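Asker: Take a look at the following structure, please.
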Amino acid sequence: MDIIYLKDLRIDTVIGIFEWERRIRQNVRFDLEMGADIKNAATSDDISDTLDYKSLAKRVISFVEESSFNLVETLAESVARLIIDEFGVPWVKVTLNKAGAVRGADGVGIIIERRADDYS
């Protein structure tokens, strides 16, 4: 299994449990790793034979910008499900960093891994 990845995808969204967080947009950062078989694409040199990471990034950006979750756990789970359901990847690893959430820390967040079987 090969891996296609997006690193440090930065998106502004409403996220948090505190009242003040519900009134502002905060920046979250995603690292995404997705299972793929790139053999056909490597042979054909055709985008239709692989995961179109630009389309995937645009869809994730749109989804996250329009979302309004309390917990990073819920946001990460929703992004994982979106990627598996809409892009047909067999597995995804989602790292979500809510930088600035804890004073003195470079970032805090969550890392989850999901397989297509988790949503069947």
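No value in this document is a laboratory result; all are computed from the given coordinates. Worth saying up front: this structure is predicted, and the values here are computed from it rather than measured. All Cβ positions, glycine included, derive from the backbone under ideal geometry; neighbour counts span all protein chains shown.
Asker: Any chance you could give the angle, 0 to 90 degrees and rounded to 10, that helix 72-87 forms with the longest Cα principal axis of the chain?
Answerer: 20
Asker: Using the Kirkwood formula over every pair of different C-alpha atoms, what hydrodynamic radius in Å results for the range 2-119?
Answerer: 15.0
Asker: What distance in nm lies between label points placed 7 Å from Cα along the C-beta direction at TRP20 and LYS39?
Answerer: 5.5
Asker: For the chain, set up a Gaussian network in which alpha carbons nearer than 10 Å are linked by springs, and say which option among GLU77, GLU19, GLU86 fluctuates the most.
Answerer: Highest fluctuation of the listed residues: GLU19.
Asker: Using the number of other C-beta atoms within 10 angstrom as an exposure proxy, rank ARG103, ARG10 with the fewest first.
Answerer: Working: ARG103 5, ARG10 11.
Neighbour counts put them in this order, fewest first: ARG103, ARG10.
Asker: If I model a spin label as a point 7 Å beyond the Cα along the Cα-Cβ vector, how far apart are those points for GLU65 and ASP85 in nm?
Answerer: Between GLU65 and ASP85, the label points sit 2.1 nm apart.
Asker: What angle do you read, to the nearest 10 degrees and between 0 and 90, between the alpha-carbon axis of helix 53-66 and the longest principal axis of the chain?
Answerer: Value to nearest ten degrees: 20.
Asker: Under unit Cβ charges (Lys, Arg +1; Asp, Glu -1), what dipole magnitude, rounded to 20 debye, does the chain have relative to its Cα centre? Numbers along the way, then the final one.
Answerer: Working: 16 positive and 22 negative charges, 110 e Å.
Around 520 debye, computed over the chain.
Asker: Next question. Among the lysines, which have Cα under 19 Å from the Cα of LYS58 when same-chain residues fewer than 8 positions away are ignored?
Answerer: Partners found: LYS7, LYS93.
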